[in-house]
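Participant: One structure, pasted below without further comment.
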Amino acid sequence: MNGAAPALPPSQARSYLAFDYGLKRVGVATGNTVLRRAQPLKTLHDLGDQRFLAIAQLIREWQPDALVVGVPFHPDGAPHKNTQRAQRFARRLQGRTGLPVHEVDERYSTVQALSDGALDVDAAAAAVILQQYLDQQA
């Protein structure tokens, strides 16, 4: 056995868009349960109120079954202001899109993206978040 998770039948395959939320930038990644691999997509830069329009366009383009949002915590697991902001962003995404939104503890996702040599760190951090989610579903 090669250790790969068995592929779901096409009727059960799921695709995702994931977000590494930030006040100035939002990293975006895509992935699915067929390949069980996340890949960086792009970073949305300081769009203010236009952020959700850009996200809606990505959702139309990629047609995900669900969304994944990274939620930061202190190293000891305690929440902080950005925890609340990311959770609010997740709630707004769910309310605006009607899609299921899954929250993932994103501690160290940016550190991992940097150590992997990512050129677009925010999108790479979103891919780390989504990969963690996909790995938990195995």
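Participant: Once you list every other residue whose beta carbon is under 13 Å from the beta carbon of L99, what net charge do they have if Lys and Arg are +1 and Asp and Glu are -1?
Facilitator: For residues surrounding L99, the net value is +4.
Participant: Mind listing the long-range amide H neighbours of D65? Cut-off is under 5 Å, sequence gap 5 or more, other chains count too, H placed in the peptide plane at 1.01 Å from N.
Facilitator: Amide H to amide H, under 5 Å and 5 or more residues apart or across chains, D65 pairs with S15, Y16.
Participant: In which sequence would S109, S115 go, from the one with the fewest C-beta neighbours within 10 Å to the one with the most?
Facilitator: S115, S109
Participant: Please report the relative contact order for the chain, taking Cα pairs under 8 Å with a sequence separation of at least 6, and give it as a percent rounded to a whole number.
Facilitator: Contact order relative to length: 31 percent.
Participant: Based on the Kirkwood radius over alpha-carbon pairs, what is the Stokes-Einstein translational diffusion coefficient of region 82-138 at 20 °C with 1.002 mPa s viscosity, in µm²/s?
Facilitator: Approximately 174 µm²/s, per Stokes-Einstein.
Participant: Rounding to the nearest 20 debye, state how big the charge dipole of region 13-137 is about its Cα centre with +1 on each Lys and Arg Cβ and -1 on each Asp and Glu Cβ.
Facilitator: Computed about the Cα centre, the dipole is about 380 debye.
Participant: Return the single residue from G27, G98, G70 with maximal mean-square fluctuation; model: Gaussian network over the chain, springs between Cα atoms under 10 Å.
Facilitator: Between G27, G98, G70, it is G98 that shows the largest mean-square fluctuation.
Participant: I need the phi-derived Karplus couplings for region 14-22: 6.51 cos²θ - 1.76 cosθ + 1.60, θ = phi - 60°, integer Hz, Gly and Pro marked x.
Facilitator: My calculation for region 14-22 gives 10, 10, 9, 10, 10, 10, 9, 6, x Hz in order.
Participant: Continuing with this model, one more query. Restricting things to alpha carbons, tell me how big region 22-71 is in terms of Rg and Dmax, in Å.
Facilitator: 11.5, 34
Participant: Among DSSP beta bridges lying fully in the chain, give the percent that are antiparallel, nearest 5.
Facilitator: Looking only at bridges with both residues in the chain, the antiparallel portion is about 60 percent.
Participant: Evaluated at 10 °C with a viscosity of 1.306 mPa s, what Stokes-Einstein diffusion coefficient in µm²/s does the chain have when Rh comes from the Kirkwood expression over alpha-carbon pairs?
Facilitator: 105 µm²/s
Every number here is computed from the coordinates shown, using simple stated rules; none is lab data. What you are looking at is a predicted structure, and each value in this text was computed from that prediction instead of being measured. Virtual Cβ from ideal backbone geometry, glycine too; neighbours counted across all protein chains shown.
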